[in-house]
Each structure stands twice: as structure tokens, then as C-alpha cells.
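K.L.:
Before I ask anything, let me first share the structure, which is written out below as C-alpha cells.
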Amino acid sequence: MENNTNQISRGQTDDFAITSVPAAHRKSPINIAVTSCAWVISLSTIVTGGALISGLNFQNAVFAAVFGMLILAIYGFFQGAMGAKYGISTTVLARQAFGRHGASLFGILLAVTMGIGWFGWQVAFFGTTINEMFPNHWLTEPEVAVVWGGILMMLTAFIGYRGLAALSFIALPLMVILSIWGVISAVNYSGSWANLLVYEPAGNPMTIFAGITIVVGNAALGAVVFPDVTRYAKTAVSGGVSASVGYFFGGVFCIIAGAAMAIAAQVPDIGSTPNIPAAMSKLGLGFFAFLILIFAQWTTNDNNLYTGSLGLRNVVKVPKKVLVVTMGTIGIIIALMGIQDMFVPFLSFLGLYVPPIAGVMIADHWIVAPKIRKKEYSFGPGATYSGLNVAAIVSVIIGGFAASKLAFGIGSINATVLAFLLYIVLAFILNKLNVRYEFGKVEEESSGF
């Protein structure tokens, strides 16, 4: 018993990064829903609303937001349910589908894309936006804002899930109130709801399907890593449902708020997207816009770092808190050097290969493992995994590559569906032909690593 108590204590110190979250530490559905809702509430999601109304009217923008977030909620449910069922993070869960070494590759991918790349980009975006809205103050100079903003985002990721959840319960009500205020200000500024509803974009028209693609592309990675949040849920169903519901409503709410503010303020565009921060200022939100920016970026970018550190912890025997500080510092340095945009094409390329990982994981857990591989999932000391599942890796690569070449559909969803179907077909055929596609065998150590 003492041994077990010590293991739980060590696991809690490391935020149960590589072990199952014990029943005593599981959270309520409300806790999971609020945390996942805060995950998607960000300036980039609000800006997505502005991007939609550059080519859609308000009603069609709302439709695109609802349908796009619904797609993410559906496949996110299956990911979230798996994480809650076993109480483990996304990359540890991937050990069964991809093998121990395959899951390590996934962990490195998450660390590079979310923990360093997108974290650095979001921190730089935060610093620039704060300076644009509140110039002529040393605290809002881009470099200074990058540092104090980055430290705030690192702080909650450093604490772990408890930090993320605590911030979410503070930030979410404030974000909802301030966003509603923004919508009301937009209505008042434009004269009435009717003026918003009759809005027609002045630029090139966009199809609703293209709008849905923008919505899904903005938040696809978050749905893939739902297990990082739902591992704290009490049951599989409650974890999957609460995370999906929170993510859905958070995304829809932010997109609608961004669209309404951009329509009402009619500010100049940045590229092809209305300048949302400028819209907030024009609508008279002032200091409250400042709070929106801080909390919107804080509640999302700490999750990028949190997920990246969990992914890398699956690869190296280094405490998660050390990984958070290291990766966060690298991200801040990238932002201070002003080279974050150089990484975007590379990050976008890698990002196309993360969603199909979810397709393979869902296929393996619900179909391939029980029906074809005839293997039950287990984790913890004594659990065994293959070293590498080649069929799973090949399915992800082909799914991502094929999706990048398709001229129709939603890239991330195409990649997910293709990988899901291809993996089932490959596993079935190779199994029937008695061709080996899993290599090596790894037994989990007593430490849980």
C-alpha cells in the first residue's frame, strides 16, 4: 500500500504525465467541459469569425461555425472517451495503436508543433497585438509583452491540469461576459441586429464549405489531443461528451462574437481578415479588450505548451515541469528573435499529419484491436506494446499526403477519414495474409515510463 501511495504521489507531482490518473483525482463533467471550452477560446478563434465574414454573410458565417465545430466535436468525442476510459494522455494512449516507438514519434511531433512552434507564434502574436491596441507604454512594447505574456502562459502549464482548470474557471465567465459585451456593442454600433443580418461581404464571396474548412482548420489539433484533458474525467462517456460540448460551444461563441464585431466596426483588413483588435477598440471596449486578449491567449497557449510537454514526457525521462520551462523558454526566444513566421509553413505541413493520427487511434481502439488484432488495451506496469506498428504509421503518412493533394473537402478531416479507413483495410488484409506489421515488444516498467 505504501508503495502504491508513493507511486501516486510521484505521479501527481509529474501531473500523471505517463501514468493513469487515479479515481480519487478525477474531476466532474463541468470541470472537464469548462477546461476544454477555455482551450478553444482564443484570439485566433475570434479572428476566425472575422475571416468568415470577409466572404460570407452573418447567417452563413454562423452556419459554418456550428457545422465546423460539430465535426470537431464528433471525432473529438471518440478521442476524449478513450482518454477518460484509461485515464492517460494522448501520446501514452497512442502506444497501443502505434507501438512504443511510434508513440514517441507522435510525442516529438506534438512537442515541436504545439509546445514550441505554435506556442512561440501565439506569444509573438500576443505581443504584437497588445502593442497595436495599447501603444506608447513600456509594458506593452512587443518584446516586453512577449516575455510577461509567455511567463503567464508557462505558469499554468507548469502547474499542470490543476492550473489549467483553475484558470479556466476564472477566465471563462469573464470571457463570456466580455464577448457578449462585444456583441452588444457591435449591435449598438451598427444600429440593430437587422443591420448585422443584412450584411453582405464586399470582397470575393466564399462558399459555406470553404467557411467550414476555415473553422475546422483553426481548431482541429485541439480535438485530436482531447485525452490530455479527459484523462481527468470520471467515465469514458462523461469525458467524451463534456469535452466535446465545451469545445463546441466555446468555438461557436468566439467565432460569432468575432464575426459580429468585425461587421459592426468595419475596420481595415489585415491581409484578407478584418482587424479584430482594431474592431474591439473602435467599439469602445478599451481596457476590457485588453483583458480579452490576455485571457483568450493565456487559456489557449498554455494548453499548447501543456500538450507539447506531455508529448515529450512520453519520450524522455525528464520531469514534465522541466520540459514546460525549457520548451516555453525556447518559444519565447523564437518570438523575441522575430522568426516565428518562418516556422509557419513547416508547422502547417506537420499539422496535416496530426489529425490522421486520431483517425488511426480511433480505428485501432474501436475496430482493429478488438476485431482484428484480438488484443485488449492495457496500460501501466506490466502492460506490453509492440515496438512499432508499421501499418499505423503508413496509414498516417498516406492519409496526410493524400489529403494535401486533394482539391476538395477539408484537409484535416480528409486526412483523418483516409487514415481511419486505410488502417482498417491494411490491418485486415495483412492479418488475413498472415503478414507481420507489428515489430518488437516493449513491456512497461514499474515506474510507468
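Values quoted throughout were computed directly from the atomic coordinates according to the rules given, and no laboratory measurement underlies them. What you see is a predicted model, and the numbers here were worked out from it, not measured in a lab. In this analysis, Cβ positions are derived from the backbone assuming ideal geometry, glycine residues included, and neighbour counts consider all displayed protein chains.
K.L.:
On average, how much area does the Cα convex hull of the stretch 352-440 cover when viewed from any direction, in nm²?
P.N.:
Details: hull surface 23.9 nm².
Convex hull of Cα atoms, orientation-averaged projection: 6.0 nm².
K.L.:
I've got another one for you. Mind running the shape call on the stretch 316-397? Use the C-alpha gyration tensor, a ≥ b ≥ c as the square roots of the eigenvalues: rounded below 1.5 for a/c, prolate if a/b tops b/c, oblate otherwise.
P.N.:
Oblate.
K.L.:
Separate question: Take each complete run of DSSP H in the chain, measure how far its Cα atoms stretch along the helix's own axis, and keep only those covering 18 Å or more with mean Kyte-Doolittle hydropathy at least -1.0; list them. Provide the component values of the computation, followed by the final result.
P.N.:
On the way: long enough: 58-86 (42 Å, 1.21); 119-133 (21 Å, 0.48); 142-159 (26 Å, 1.77); 161-190 (41 Å, 1.48); 208-224 (23 Å, 2.03); 236-265 (44 Å, 1.71); 287-313 (39 Å, 0.55); 320-337 (25 Å, 1.88); 390-405 (23 Å, 1.86); 411-432 (31 Å, 1.72).
Span-like helices in the chain: 58-86, 119-133, 142-159, 161-190, 208-224, 236-265, 287-313, 320-337, 390-405, 411-432.
K.L.:
From the Cα gyration tensor of the stretch 80-133, with a ≥ b ≥ c the square roots of its eigenvalues, which class applies: rounded if a/c is under 1.5, or else prolate if a/b is larger than b/c, or else oblate? List each step's numbers first, then the result.
P.N.:
Working: a/c = 6.34, a/b = 2.32, b/c = 2.74.
Oblate is the answer for the stretch 80-133, as a/c is 1.5 or above yet b/c matches or exceeds a/b.
K.L.:
Applying 1/(1 + (r/R0)^6) with R0 = 25 Å to the Cβ-Cβ distance of SER192 and PHE63, what FRET efficiency is obtained, to the nearest 0.05? Spell out each step's value before the answer.
P.N.:
Details: r = 21 Å, r/R0 = 0.85.
Here the calculated transfer efficiency is 0.75.
K.L.:
I would also like to ask the following. Kindly identify the stretch 26-351 as rounded, prolate or oblate by the Cα gyration tensor criterion: order the square roots of the eigenvalues as a ≥ b ≥ c, call it rounded if a/c is under 1.5, otherwise compare a/b with b/c, prolate if a/b is larger, else oblate. Show your work: numbers first, answer last.
P.N.:
On the way: a/c = 1.77, a/b = 1.38, b/c = 1.28.
Prolate, since a/c reaches 1.5 and a/b exceeds b/c.
K.L.:
How do the peptides 425-438, 157-170 rank, highest first, by the average count of neighbouring beta carbon atoms within 10 Å per residue? Can you show the working numbers first?
P.N.:
Numbers: 425-438: 14.4, 157-170: 19.7.
Top to bottom by mean Cβ count within 10 Å: 157-170, 425-438.
K.L.:
Separate question: Calculate the spin-label point distance for LEU139 paired with PHE287, positioning each point 7 Å from the Cα along the beta-carbon direction, and give it in nanometres.
P.N.:
Those two pseudo-labels are separated by 1.0 nm.
K.L.:
Just want the answer: with Cβ charges of +1 for Lys and Arg and -1 for Asp and Glu, which residue in SER42, GLY284, ILE53 is farthest toward the dipole's positive end in the chain?
P.N.:
In the chain, that residue is SER42.
K.L.:
Please give the residues of the stretch 35-63, grouped as numeric ranges, whose backbone N is less than 17 Å from a label point set 7 Å along the Cα-to-Cβ vector of GLU200.
P.N.:
53-61
K.L.:
A further question on this structure: How would you rank 55-64, 120-129, highest first, on the average number of other Cβ atoms within 10 Å across their residues?
P.N.:
In descending order of packing, they fall as 120-129, 55-64.
K.L.:
Sticking with this structure for a sec: Quick one: which of 223-234, 312-323 comes out on top by average Cβ neighbours within 10 Å, and what's the full order, highest first? It would help to have the intermediate numbers written out before the result.
P.N.:
Details: 223-234: 29.6, 312-323: 18.7.
Going from most to least packed, we get 223-234, 312-323.
K.L.:
Hey, if you put +1 on the Cβ of every Lys and Arg and -1 on every Asp and Glu Cβ in the chain, which of MET337, ILE71, ALA202 ends up farthest toward the positive end of that dipole?
P.N.:
The Cα lying farthest towards the positive end belongs to ILE71.
K.L.:
Another question, if that's okay. Which whole number in µm²/s is D for the stretch 174-251 by Stokes-Einstein, with the Kirkwood Rh taken over Cα pairs at 10 °C and 1.306 mPa s? Please list the in-between numbers first.
P.N.:
Details: Rh = 15.7 Å.
Answer, rounded: 101 µm²/s.
K.L.:
Another question, then. Using helices alone, I'd like the mean residue ellipticity at 222 nm for the chain: each DSSP H run of four-plus residues gives -39500 (n - 2.57), total over residue count, nearest 500.
P.N.:
Numbers: 20 runs with 314 residues, N = 449.
It lands at -23000 deg cm²/dmol.
K.L.:
May I pose another question? Using the crude model of +1 on Lys and Arg Cβ and -1 on Asp and Glu Cβ, and no other charge, please compute the dipole size for the stretch 352-440 relative to its Cα centre, in debye to 20.
P.N.:
On the way: 7 positive and 3 negative charges, 45 e Å.
The dipole magnitude comes to about 220 debye.
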